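Report on the following structure.
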Amino acid sequence: MHGQTLSGWLLVALCAATGAYCLLRLRGGRGEHREEAAGEALMAFGMAAMAVPAAVLAPPAWGWVLYAAVFGGAALRGLWQARAGVVHAHHVVGSLAMVYMALAMAPGGGAPGHAGHTAGYAAGGVPLLTGALLLYYAAYVLRSGVRLMPVAAGRAGTGAAAGTGGATGTGGAAGRGARPELVPACRVAMGLGMIAMLLTL
């Protein structure tokens, strides 16, 4: 029980820190990058709230309805904006995954120990869907992790020349406290957090 509570708090801290960084990006971002930062902030804080150990703060019986409504709305908005290429499909998948986990939290449909928040409910989740989401996020983490690898020395000049433009394009918040080079690291952290939560279903 103690280990489960500790892991839950670690996940809360990871997601909350990621959400705080996304808010920094949101302050200085524009257009598509602002939408991207807002979607990731919502996802990060939603994951942090869902991961709070039930031994410390038991979720209300209607909590799963709130999560499903918020992220269902985010998924619909993302689908609408995706038509214009404003939102990436990954954000829609993430919102739908949060809806799926919220439904698994429903009384009679939750998974015991889901980040400490669904203890006492019957085991839930569709194994095939859970497995597909796990594979998706594993691939996403690997892909995002590759972007954390150092740039080859031969490309250093090009990277330096593009550094300013890349910082602006990533979130436009380079001068406002956000560090655009941390974006891939935050995405890896969120992907790993999602994997940890899905593994409990």
Would you check if there is a residue in the range 123-135 being modelled with pLDDT of 50 or more, within 28 Å of LEU26 (Cβ to Cβ) and under 19 Å from the mean Cα position of the chain (by Cα)? yes
When the range 24-82 is checked residue by residue, the ones that are part of a loop (DSSP other than H, G, I, E, B) and farther than 16 Å from LEU14 by Cα are GLY29, ARG30, ALA54, ALA55, VAL56, LEU57, ALA58, PRO59, PRO60, ALA61, TRP62
Check off (1) surrounded by 13 or more Cβ atoms within 10 Å (Cβ to Cβ); (2) at pLDDT 95 or above for ARG143 and give me the number that stays unchecked. (2)
Consider ALA55 carefully, then state whether it is modelled with pLDDT of 90 or more and either closer than 15 Å to ALA196 by Cβ or over 15 Å from the mean Cα position of the chain (by Cα) (or both). no
Condition (residue is more than 15 Å from MET197 (Cα to Cα), surrounded by 15 or more Cβ atoms within 10 Å (Cβ to Cβ), modelled with pLDDT under 75 and hydroxyl-bearing (Ser, Thr, Tyr)) applied to the range 108-118: is it met by at least one residue? no
Go through (1) hydrophobic (A, V, I, L, M, F, W, C); (2) closer than 25 Å to LEU24 by Cβ; (3) modelled with pLDDT of 50 or more and name the single condition ALA160 misses. (3)
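Among residues belonging to the range 37-86 that are of a type in the set (Phe, Trp, Tyr) and under 20 Å from CYS22 (Cα atoms), point out the one that is surrounded by the fewest Cβ atoms within 10 Å (Cβ to Cβ).
It comes out as PHE45.
The values are calculated or read from the model by the stated rules, or taken from the named source; none is laboratory data. Keep in mind it's a predicted model, so treat the numbers as computed, not measured. Ideal geometry is used to build each Cβ from the backbone, glycine not excepted, and the neighbour counts take in all protein chains shown.
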